[in-house]
Structures are given as C-alpha cells and as structure tokens.
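Novice: Let me give you the structure first, and then I'll get to my questions.
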Amino acid sequence: MSDVETVEILLAEDSPTDAEVTQRALKKANIANPLLWVKDGEEALEFLHSRGRFASRACARPRLVLLDLKMPKVDGIEVLRDIRGTPALQTLPVVILTSSSEESDVVRSYALGVNSYIVKPVESSKIFEEIACLGYYWLIMNRPPS
Amino acid sequence: MTALADKLMPRWRIEDAITAAFLGALIIMCMVTALAWYSVTQFLNSSRWVEHTHIVLGTIEHANALSEEALAAGQNYAITGNPASIGERDRAISELRSNLQKLGEITADNPLQQTRVAILNSQAIACIELMSAVVKARQTDGFEAAKKLVSESRLSALEIPFRDSIAAMSDEEHVLLSHRLLADESSQRRLVAACGTLLVVVVLTVGMGLIRLRRELRVRQSLAEELGRKTLELETSNKELASFSYSVSHDLRSPLRAIDSFALMLEEDYAQKLDGEGRRYIRVVRDGAQRMGRLIDDLLAFSRMGRAPINAVSIDPRAGAERALKEVLVAHTGAPPELLIHRLPAARGDAALLHHVWVNLIDNAVKYSSKTTGPRIEIGGSVQGSEVVYFVKDNGAGFDMRYVDKLFRVFQRLHGSEEFPGSGVGLAIVQRVISRHGGRVWGQSEPDHGAKFFFTLPRAEIA
C-alpha cells in the first residue's frame with residue numbers, strides 16, 4: 001500500500017482477486033499513479049473524509065475513485081451519493097467498475113452523477129484492455145478541475 | 001395449477017345451474033298454481049251447487065205454501081161468498097203457476113225432478129180446475145151446491161198426491177243438498193291442501209336456491225382469495241427470480257473472472273516454466289471460464305427478456321433487420337454470406353426487444369451456414385390477416401424436424417459446441433420475446449438443406 005498522503009487512485013473493491021487484477025492491469029498499462037485499495041464503502045468514506053483509520057490524513061483529494069457497486073457495509077451507490085453530497089468532493093471523478101449490467105444500477109448511478117459506468121467483462125484479456133483504457137483516459141487524457 | 005384452473009372453470013357453469021334451477025322452480029310453481037286454480041274452481045262450483053239446491057228447496061216450499069193459500073182462499077169463498085177471497089185465490093194460483101214454471105227451469109239439470117215437476121203441474125191444474133168449478137157452483141147455485149161439489153169431487157183425493165209430490169221433491173233436494181255439502185267440504189279441503197302445497201313448494205324452492213347461491217358465492221370468494229394468494233406467491237417468486245439473476249450477475253461472475261484472469265497471469269508470468277501440456281491445461285481452464293461467462297450472460301439476457309416491459313409502437317422491420325445484420329457480420333470471421341432482404345411489412349412491437357430476435361435469428365443463420373459453400377441468407381415477410389409473418393432463411397446445416405420441440409428450450413442444442421459454438425439460449429430468447437408480443441415462432445428444416453425460421457407480430461395499424 002502506498003503512502004496515504006500521495007494516493008491518486010482510490011480503488012474500492014471487496015474482491016481481493018478483482019482488486020489484484022485491476023492493479024495488475026493498471027501497472028501493465030504503465031499507469032504508476034499511487035493506488036490505495038479499500039475493501040468496502042465504509043473504508044472508502046473514512047479515507048475520503050479523513051476519519052477512522054485515516055484520521056491523521058491531510059485532506060488531499062485523489063484524482064480518481066474506482067467504485068465497485070456491491071460491497072459489504074456501505075455499497076458503491078451510497079459512497080457515490082455521499083461524494084456528490086459533499087461540497088469538497090462534488091467534482092471528484094468517480095468511475096463505477098462493476099459486474100452488474102442491470103439497467104437499474106446504471107440509471108441510478110448516472111442519476112447520482114457518476115462520471116463513467118464500466119461493466120467488468122469475464123474474459124481476462126478484455127478486462128486488461130478495458131482497465132488500461134480507463135487508466136489512460138482518466139489519468140492522462142482527462143483534465144479534472146484543479 | 002391445473003386443479004385451480006379446473007375449479008375456476010367448472011364443467012357446469014354457475015350461470016347455467018342458476019338458470020336451470022330457476023326454470024325448474026318456475027315449472028313446479030306453475031304446476032302447483034294450476035292445481036290450486038283447479039281446486040278453487042272446483043270449490044266455487046260445488047258452492048254454487050249447494051246454493052242452487054237451497055234455491056230449489058225454497059221454491060218447492062214456496063209452491064207448497066202457495067197451493068195451500070189458493071186452497072184456503074177457494075174454501076173461504078165457498079163458505080163465505082166473499083169476493084175478496086176470489087182475488088186472493090187468483091193471485092195465489094198465478095203465483096203458483098209461475099213458481100212451478102221456475103221450479104221446472106231450475107231443476108232442468110235433474111231428469112227425476114223434471115218428471116216430478118210435470119206431475120206436480122198436472123196435479124196442480126186438476127186442483128185448480130176443481131176449485132174453479134167449486135167457485136162457479138157457489139156463484140150460480142149457492143153454498144150447498146158448492147159444498148156438494150167439494151164432497152163429491154173428493155178434493156182431498158187430489159190434494160194429498162200434490163202434497164206427496166212436493167214432499168218427494170223436497171226429500172230429493174235434501175239428499176242432493178247433503179251430497180253437495182259433502183262435496184263442497186272436500187273441495188274446500190283440497191283447496192287448503194293445494195294452497196299449502198304451493199306455499200311449501202315455493203318456500204322449498206326459494207330456500208334451496210338461496211342455500212345453493214350462498215354456497216356458490218362462498219366457493220367463489222374462497223377461489224378469489226386463493227387466486228389472490230397465488231398471484232402474491234407469483235409476484236414474490238418473480239421478485240425472488242429477479243434478485244436471483246441479480247446475484248448471479250454479481251456473484252458468479254466475480255469468481256469466474258478470478259479464474260480466467262489468474263490463468264492469464266499464470267500464462268503471462270510462468271509460461272516459460274511450463275511445458276506444452278501445462279500451457280494447454282491453462283488454455284482449457286480459460287476456455288471453460290469464458291464459456292461459462294457467456295452462458296451466464298445469455299441466461300441473464302433471457303431472464304431480462306421476460307421481465308422488461310413491452311413498449312409496442314409501429315416499427316420499421318427493415319431497419320431492425322439491417323442493424324442486426326451489421327452487428328452480426330462485424331463479429332463474423334468466415335466468408336460473408338450472400339444477403340437477400342425482401343420487402344418487410346410494418347408491424348407493432350418493442351424495437352429494443354425485437355432487436356434480440358433479429359440478432360439471434362440472423363446470427364444462427366450466419367453461424368449454421370458458415371460451413372456451406374456459398375452461404376446465402378434470405379429475410380422476408382408477408383401480411384396474413386391481422387398479423388405479419390417474417391422469416392429468416394439460410395442454406396446451412398439445418399436440423400432434424402424430429403427435434404423441433406427442443407429448439408426453443410433453454411440450453412437445448414441440436415449441434416455440439418465443437419461443431420457450432422453457442423449457449424442454447426438464443427432461440428429461447430426469440431420465443432420469449434415473440435410470445436410476449438402475442439406472436440408465434442416456428443422452424444422448418446431438413447438436415448443439410450438449410451433452415452427457415454418464422455415469427456409473427458401484430459400488424460401495424462394502417463393510418
């Protein structure tokens with residue numbers, strides 16, 4: 001885990017294998033931005049609001065949040081709602097990275113102001129390809145508000 | 001489910017049963033009413049006869065009294081010579097005549113009494129004649145001559161049979177009266193019995209009808225409750241199914257992704273440490289995981305087709321078929337088939353759902369003709385009554401019509417996945433979408449002579 005002060009990518013994902021695949025895919029795409037992996041929505045919110053085990057963290061925003069939808073304790077939708085309801089985090093780029101292709105999940109996420117909704121494919125070569133694209137787009141091509 | 005349907009649609013519909021019961025009750029009530037009516041007329045008839053007999057008896061007594069009056073008046077004149085007695089006698093005689101005539105009329109129904117009335121008449125005439133002779137003798141020859149005539153003519157000999165006849169008639173009428181009173185009484189009893197029966201029948205019919213109706217209503221109510229319960233159960237199980245497919249999409253895909261991704265990572269990082277067989281094993285693992293991923297995706301799509309609401313509008317089938325063709329051909333790696341799209345009549349349907357129908361049918365046509373030399377796909381349609389029949393035809397592998405029933409079932413395939421890849425869900429999706437549009441799907445084929453799949457949709461309204 002990288003130093004919490006320099007984190008640029010926050011990955012909220014309850015499945016360790018999925019998290020490992022995502023991290024490997026980013027690394028293979030030469031996206032070396034420091035990444036922090038949290039196992040559920042509660043930890044993600046603790047990090048973003050600098051509380052709990054992240055209480056000592058200075059309030060620097062990450063550059064990108066990758067959110068899984070189905071997570072224990074606090075799910076991705078709730079995290080997204082919290083982010084969009086917090087003035088300091090409102091403009092933070094959030095990408096949903098999920099297994100769910102349910103239309104209702106897509107609609108709800110967009111209604112809450114998500115920046116992208118990516119359905120993780122089962123086929124590994126496609127996952128690597130898509131995560132590489134995602135990393136390029138949000139961390140290299142895209143210009144977020146400073 | 002069939003038991004419920006049976007209960008909901010009994011062989012004897014309740015409407016028919018009610019109609020039959022009411023008709024039966026009506027017939028019974030008509031019959032009993034006719035019987036009662038008959039009893040009433042009988043009763044009235046017998047009452048009339050009793051009254052008639054009373055009148056006859058009265059007339060007979062009156063005749064008797066009049067004859068006595070006439071005799072008394074005649075004798076009085078013979079003794080006193082008082083002319084007033086003549087007037088009295090004449091009045092009594094004239095009344096007696098009309099009285100006897102009336103008696104003749106009112107006993108017309110009784111031949112015995114008729115003969116008696118005739119005898120009575122002649123006896124009365126004889127008496128009257130004698131009396132006239134007596135009166136004449138008194139007027140011309142005085143009291144003694146009249147007295148002599150009375151004693152000589154034996155007036156009493158004429159009077160006694162007259163009285164006897166009167167008595168006989170009276171006796172006869174009394175006998176008749178007693179018979180008629182008896183008849184009257186029995187018809188009264190019959191009337192009461194008939195009215196009682198009528199009442200009982202009406203009460204029974206109405207009561208039984210009421211009980212039957214109440215029972216039927218109770219049955220219907222319990223059926224409605226059962227239906228409500230079943231509907232609720234169905235809704236619950238539908239919701240469970242929805243949440244099940246949601247779980248499938250999340251929970252099953254994650255471990256599959258792990259299998260495939262880590263196999264890939266193994267291949268990437270350790271390929272040089274494995275021999276050919278080891279690398280083949282990894283490929284088998286990845287193939288299996290990927291195939292299962294596609295199965296899950298198809299199954300989820302199938303389940304979504306059953307739940308998605310249908311938004312039926314007038315659609316352009318040619319645009320739909322061409323869009324699907326483009327989508328299918330992009331992914332197709334073999335030789336492109338020859339295409340022939342006929343004019344397609346407009347229909348009503350949900351374009352998004354029908355897209356899956358076109359994609360699956362065209363994908364099948366492309367897939368199963370891919371091993372044929374000169375693959376050819378033909379798409380057409382025609383209006384037939386209130387619906388449009390479309391078809392997608394290929395010149396590929398085809399299938400044996402013996403297994404046509406299996407074609408549209410989930411996971412049922414007529415070709416091995418080595419020969420032609422697939423999950424066995426495509427035609428099930430087609431069937432589900434079309435049946436939700438109220439249409440039908442069927443296939444025609446012969447092995448190695450291509451297949452032709454048809455589906456129907458409601459025809460678009462002509463503006």
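Novice: So, of the residues in the stretch B:435-463 that are of a type in the set (A, V, I, L, M, F, W, C) and in a loop (DSSP other than H, G, I, E, B), which turns out to be nearest to residue B:314 (Cα to Cα)?
Specialist: The qualifying residue nearest to residue B:314 (Cα to Cα) is B:460.
Novice: Going residue by residue through the stretch A:103-116, is there one that turns out to be among the acidic types (Asp, Glu), crowded, with 17+ Cβ neighbours inside 10 Å, within 14 Å of another protein chain (Cβ to nearest Cβ) and under 14 Å from the mean Cα position of the chain (by Cα)?
Specialist: Looking for residues that are among the acidic types (Asp, Glu), crowded, with 17+ Cβ neighbours inside 10 Å, within 14 Å of another protein chain (Cβ to nearest Cβ) and under 14 Å from the mean Cα position of the chain (by Cα), one finds none in the stretch A:103-116, hence no.
Novice: Taking the conditions exactly as written (touching a helix residue (DSSP H, G or I) at 6+ places or on another chain (Cβ under 8 Å) and more than 26 Å from residue A:136 (Cβ to Cβ)), does residue A:77 satisfy them or not?
Specialist: yes
Novice: Can you find a residue in the stretch A:94-106 that is in contact with a strand residue (DSSP E or B) (Cβ under 8 Å, 6 or more places away or on another chain), of a type in the set (A, V, I, L, M) and assigned to a loop (DSSP other than H, G, I, E, B)?
Specialist: Checked the stretch A:94-106: no residue is in contact with a strand residue (DSSP E or B) (Cβ under 8 Å, 6 or more places away or on another chain), of a type in the set (A, V, I, L, M) and assigned to a loop (DSSP other than H, G, I, E, B).
Novice: Report every pair of residues separated by at least 6 positions or lying on different chains whose Cβ atoms are under 6 Å apart, first residue within the stretch B:191-220 and touching a residue at least 40 places away in the same chain (Cβ under 8 Å), second of a type in the set (Gly, Ala, Ser) and surrounded by 13 or more Cβ atoms within 10 Å (Cβ to Cβ).
Specialist: Matching pairs, first to second residue: B:191/B:39; B:194/B:36; B:194/B:39; B:195/B:36; B:198/B:36; B:205/B:25; B:209/B:21.
Novice: Which residue, of B:366, B:359, B:383, B:430, is assigned to a helix (DSSP H, G or I), touching a Pro at 6+ places or on another chain (Cβ under 8 Å) and either more than 26 Å from residue B:310 (Cα to Cα) or not small (Gly, Ala, Ser) (or both)?
Specialist: Numbers: B:359 fails: touching a Pro at 6+ places or on another chain (Cβ under 8 Å); B:383 fails: assigned to a helix (DSSP H, G or I); B:430 fails: touching a Pro at 6+ places or on another chain (Cβ under 8 Å).
B:366 is the lone residue from the list that is assigned to a helix (DSSP H, G or I), touching a Pro at 6+ places or on another chain (Cβ under 8 Å) and either more than 26 Å from residue B:310 (Cα to Cα) or not small (Gly, Ala, Ser) (or both).
Novice: Which of the residues spanning the stretch B:114-138 are under 12 Å from residue B:81 (Cα atoms), surrounded by 15 or more Cβ atoms within 10 Å (Cβ to Cβ) and of a type outside the set (Gly, Ala, Ser)?
Specialist: B:134, B:135, B:138
Novice: Just give me the residues in the stretch A:27-41 being more than 13 Å from the chain's Cα centre (by Cα) and part of a helix (DSSP H, G or I), in sequence order.
Specialist: A:27, A:28
Novice: Between a residue in the stretch B:236-247 that is touching a residue at least 12 places away in the same chain (Cβ under 8 Å) and under 17 Å from residue B:295 (Cα atoms) and any residue that is part of a helix (DSSP H, G or I) and among the aliphatic types (A, V, I, L, M), which pairs come within a Cβ distance under 7 Å, given they are 6 or more apart or on different chains?
Specialist: If the second residue must be part of a helix (DSSP H, G or I) and among the aliphatic types (A, V, I, L, M), the pairs left are B:245/B:300.
Novice: Of the conditions (1) small (Gly, Ala, Ser); (2) more than 26 Å from residue B:355 (Cα to Cα); (3) within 14 Å of chain A (Cβ to nearest Cβ), residue B:301 clears all except one; give me its number.
Specialist: Unmet for residue B:301, out of (1) small (Gly, Ala, Ser); (2) more than 26 Å from residue B:355 (Cα to Cα); (3) within 14 Å of chain A (Cβ to nearest Cβ): (2).
Novice: Taking the stretch B:297-329 as the search range and keeping residues that are among the aliphatic types (A, V, I, L, M) and closer than 15 Å to residue B:241 by Cβ, which one is surrounded by the most Cβ atoms within 10 Å (Cβ to Cβ)?
Specialist: Selected residue: B:299.
Novice: Turning to a different aspect of this structure: Do you know which residues across the stretch A:62-74 are over 12 Å from the mean Cα position of the chain (by Cα) and crowded, with 17+ Cβ neighbours inside 10 Å?
Specialist: Scanning the stretch A:62-74 gives A:70, A:71, A:74.
Novice: Further question on the same structure: If residue A:68 passes every condition in (1) away from chain B (no Cβ under 14 Å); (2) closer than 21 Å to residue A:8 by Cβ but one, which one does it miss?
Specialist: All conditions are met except number (1).
Novice: Does the stretch A:117-146 hold any residues that are touching a strand residue (DSSP E or B) at 6+ places or on another chain (Cβ under 9 Å), within 13 Å of chain B (Cβ to nearest Cβ) and part of a helix (DSSP H, G or I), and which are they?
Specialist: A:130, A:131
Novice: Could you please give the count of residues in the stretch B:13-35 that are more than 11 Å from the chain's Cα centre (by Cα) and of a type in the set (Ser, Thr, Tyr)?
Specialist: Residues that pass the stated criteria total 1.
Novice: If I ask for residues that are more than 13 Å from residue B:453 (Cβ to Cβ) and at pLDDT 90 or above, which ones from the stretch B:387-427 would you list?
Specialist: Scanning the stretch B:387-427 gives B:387, B:388, B:395.
Novice: Show me the strands (runs of 3 or more DSSP E) found entirely inside the stretch B:293-349 where at least 2 residues are small (Gly, Ala, Ser).
Specialist: Of the strands (runs of 3 or more DSSP E) lying wholly inside the stretch B:293-349, those with at least 2 residues that are small (Gly, Ala, Ser) span B:347-349.
Novice: If you don't mind, there's one more thing I want to ask. Would you confirm, using the coordinates I've provided, whether residue B:203 is under 41 Å from the mean Cα position of the chain (by Cα) and either away from chain A (no Cβ under 14 Å) or within 30 Å of residue B:50 (Cα to Cα) (or both)? Break it down into steps so the answer makes sense when it comes.
Specialist: Values: under 41 Å from the mean Cα position of the chain (by Cα): yes; either away from chain A (no Cβ under 14 Å) or within 30 Å of residue B:50 (Cα to Cα) (or both): yes.
It is true that residue B:203 is under 41 Å from the mean Cα position of the chain (by Cα) and either away from chain A (no Cβ under 14 Å) or within 30 Å of residue B:50 (Cα to Cα) (or both).
Novice: Filter the stretch A:24-41 down to residues that are more than 14 Å from chain B (Cβ to nearest Cβ) and surrounded by fewer than 17 Cβ atoms within 10 Å (Cβ to Cβ) and give me whichever is modelled with the lowest pLDDT.
Specialist: Restricting to residues being more than 14 Å from chain B (Cβ to nearest Cβ) and surrounded by fewer than 17 Cβ atoms within 10 Å (Cβ to Cβ), the top hit is A:32.
Novice: Okay, moving on. If you check every pair at least six apart or on different chains, which have Cβ atoms under 8 Å apart with a residue in the stretch A:67-96 that is of a type in the set (Gly, Ala, Ser) first and a residue that is part of a strand (DSSP E or B) second?
Specialist: A:76/A:12; A:76/A:67; A:76/A:96; A:76/A:98
Novice: Here is a follow-up. I'd like the residue in the stretch B:386-401 that is more than 44 Å from the chain's Cα centre (by Cα) and outside any loop (DSSP other than H, G, I, E, B) and, out of all such residues, is farthest from residue B:461 (Cα to Cα).
Specialist: My answer is B:401.
Novice: Then there is this: With respect to the numbered conditions (1) touching a Gly at 6+ places or on another chain (Cβ under 7 Å); (2) in a helix (DSSP H, G or I); (3) within 14 Å of chain B (Cβ to nearest Cβ), which one is the sole condition not fulfilled by residue A:78?
Specialist: (3) is the only condition that residue A:78 fails.
The values are calculated or read from the model by the stated rules, or taken from the named source; none is laboratory data. All values reported here derive from a predicted model rather than from experimental measurement. With ideal geometry, Cβ positions are generated from the backbone for all residues, glycine too; neighbour counts draw on all protein chains shown.
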